[in-house]
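Taking it in order: structure first as structure tokens, then the write-up.
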Amino acid sequence: MACDPNMLNQVPLFALLDEEETAVLAGQVGVRTFAPRQRIYKIGDAGGQAYVMVSGAVQVTTIDEDHQDVIVDEPAHGEFFGFASMLEQTPHQTNATAMEDTVCIEVDRDDIAVLLQRKPHAGMDMLSVLGRQFHAAQQLVRVRATRNPNEMIESESTVGERIADAVAGFGGSWTFIITFLALLCVYTIINLALRASAWDPYPFILLNLFLSMLAALQAPVIMMSQNRQDTKDRLRGELDYAVNRRSETEIQGLARKLNALSDKIDDVEELLREKS
């Protein structure tokens, strides 16, 4: 569907154009409408077009290593999405889905080339778009970094593992130590006071049996809890590694796209200087 020039005037990036340039660009770009829950593009699709929000709502998401959808961006009115892949001519790295009845302006690389030829300073606005995507990627890394390994393990732990943690936690506390010493003192004092009628006279053979049984049961329970702690530490290390790797990949990708856009702007400026 053809684009109304007045629609372009509402987009901050295209608001720099005069009436004639807006009319030319309106004849090049198109308008697309999407139904609720309709997929605009998905990961791996050719990045030939980018989109500008006119009305409605769109969610831009990616899939993490846990196969969970993670929201990367929710573009507002007049904002681009799918811009970096279109500029670099690489497959889309995200999914874009219309959340309600949505109208978007569809822009391709040639449209941007025409815009830069006519208004080279519009390239700074495009850099701002990429800057927002860069910040969104940083925010995504920070959000994913806050995953709590303790909560992830607790959600998968069994009743026996929770009991082992509780026993190990109580057995390593001052409450247990003080209570246990108090019971030992009371037990020995009572048996010493009863003398010949004591149920466990000195050297407290029955008490030694109970202590041996307690130690035999407590040792494997504590080892179970230590194994779970080792699992938590290993998971923390894996999460840190995944976050660092994802952050490095995002930064390198955005750096390449910024360099490509800067080169394009330089080429356009050089061409304009030659014409002048």
Fill in the blank from the handout: When every residue in the stretch 86-100 that is more than 20 Å from the chain's Cα centre (by Cα), more than 19 Å from residue 33 (Cβ to Cβ) and open to solvent by less than 30 Å² (accessible area, probe 1.4 Å) is compared, the one modelled with the highest pLDDT is 86
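For residue 44, state whether it is part of a loop (DSSP other than H, G, I, E, B) and loosely packed, with under 15 Cβ neighbours inside 10 Å.
Values: part of a loop (DSSP other than H, G, I, E, B): yes; loosely packed, with under 15 Cβ neighbours inside 10 Å: yes.
Taking the combined requirement at face value, the residue satisfies it.
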Exercise for the section: Please verify whether the stretch 222-233 includes one or more residues that are open to solvent by 40 Å² or more (accessible area, probe 1.4 Å), farther than 30 Å from residue 162 by Cα and in a helix (DSSP H, G or I). Expected result: no
Problem - Residue count for the stretch 47-56, restricted to those that are at pLDDT below 80 and of a type outside the set (Gly, Ala, Ser) - result: 0
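Here are 173, 128: which of them is under 30 Å from residue 70 (Cα atoms) and either modelled with pLDDT under 75 or open to solvent by less than 70 Å² (accessible area, probe 1.4 Å) (or both)? Explain how you work it out, then say what you get.
On the way: 173 fails: under 30 Å from residue 70 (Cα atoms).
Only one candidate passes the filter, namely 128.
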Problem - Any hit, the stretch 10-26, residues being at pLDDT 85 or above and hydroxyl-bearing (Ser, Thr, Tyr) - result: no
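Return the residues of the stretch 57-72 that are under 14 Å from the mean Cα position of the chain (by Cα) and at pLDDT 80 or above; say none if nothing qualifies. If you could, list the steps in order and put the result at the bottom.
Initially, the stretch 57-72 is screened for residues under 14 Å from the mean Cα position of the chain (by Cα), giving 60-72.
Selection gives 60, 61, 62.
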Practice task
Give the residues of the stretch 151-170 that are at pLDDT below 70 and surrounded by 11 or more Cβ atoms within 10 Å (Cβ to Cβ), sorted by residue number.
Solution key: 152, 153, 154
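In this structure, is residue 58 touching a strand residue (DSSP E or B) at 6+ places or on another chain (Cβ under 7 Å), over 22 Å from residue 256 (Cβ atoms) and buried (at least 19 other Cβ atoms within 10 Å of the Cβ)?
Working: touching a strand residue (DSSP E or B) at 6+ places or on another chain (Cβ under 7 Å): yes; over 22 Å from residue 256 (Cβ atoms): yes; buried (at least 19 other Cβ atoms within 10 Å of the Cβ): yes.
Judged against the criteria, residue 58 is a match.
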Exercise for the section: Of all residues in the stretch 220-254, count the ones that are modelled with pLDDT of 75 or more and of a type in the set (A, V, I, L, M). Expected result: 5
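Does the stretch 188-211 include one or more residues that are of a type outside the set (S, T, N, Q), under 30 Å from the mean Cα position of the chain (by Cα) and surrounded by fewer than 12 Cβ atoms within 10 Å (Cβ to Cβ)?
Initial filter on the stretch 188-211 (of a type outside the set (S, T, N, Q)): 189-190, 192-196, 198-207, 209-211.
Subsequent filtering for residues that are under 30 Å from the mean Cα position of the chain (by Cα) retains none.
Among the residues of the stretch 188-211, not one is of a type outside the set (S, T, N, Q), under 30 Å from the mean Cα position of the chain (by Cα) and surrounded by fewer than 12 Cβ atoms within 10 Å (Cβ to Cβ), which makes the answer no.
The values are calculated or read from the model by the stated rules, or taken from the named source; none is laboratory data. These figures come from a predicted structure and were not determined experimentally. Quick reminder, even Gly has a Cβ in these numbers, built from the backbone with ideal geometry, and neighbours come from all protein chains shown. Surface areas here come from the heavy atoms of the whole protein model, side chains and all, with no ligands, DNA or RNA. Shrake-Rupley method; radii C 1.70, N 1.55, O 1.52, S 1.80 Å.
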